[in-house]
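All remarks here apply to the structure that follows.
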Amino acid sequence: SLTDTMKRVTNPVPLAEARARLLAFRERRGKGLHKANTLADVIWPEQPFNTTQGAGAAASRVLKRLGCKWRETDHQWGWSIDNL
């Protein structure tokens, strides 16, 4: 469960729900490259994070579990959510 790895997220989201939210976001905004903290707001819309770094770290752990890739294109870095 995500609660085991996301101790600082007070409103844990099941992995299937995180995937569904990211898929809906991908329909609106494309497959990426997206900043991790932006995707944190997608995964946990009600979760207040203390820092953007913390939000990005939490999202990165979920994105890795979902098989998403951290990529670079034209000197831009971010998460690609094309393989959900």
- [ ] May I ask for the net charge around residue 62, where only other residues with Cβ less than 12 Å from the Cβ of residue 62 are counted and Lys, Arg are +1 while Asp, Glu are -1?
- [x] +4
Task: Estimated 222 nm signal from helices in the chain, with DSSP H stretches of n ≥ 4 weighted -39500 (n - 2.57), rounded to 500 - done: -14500 deg cm²/dmol
- [ ] Give me the net charge of residue 17's neighbourhood, meaning all other residues with Cβ under 14 Å from the Cβ of residue 17; Lys, Arg count +1, Asp, Glu -1.
- [x] +2
- [ ] Go through (1) 6.7; (2) 5.1; (3) 5.5 and flag the label whose value is the computed mean projected area of the Cα convex hull in nm² for this structure.
- [x] (2)
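Readers should treat all values here as calculations from the given coordinates under stated rules, not as data from a laboratory. A quick note: this is a predicted structure, and the numbers were derived from the prediction, not measured. Positions of Cβ are backbone-derived with ideal geometry, glycine not excepted, and every protein chain shown enters the neighbour counts.
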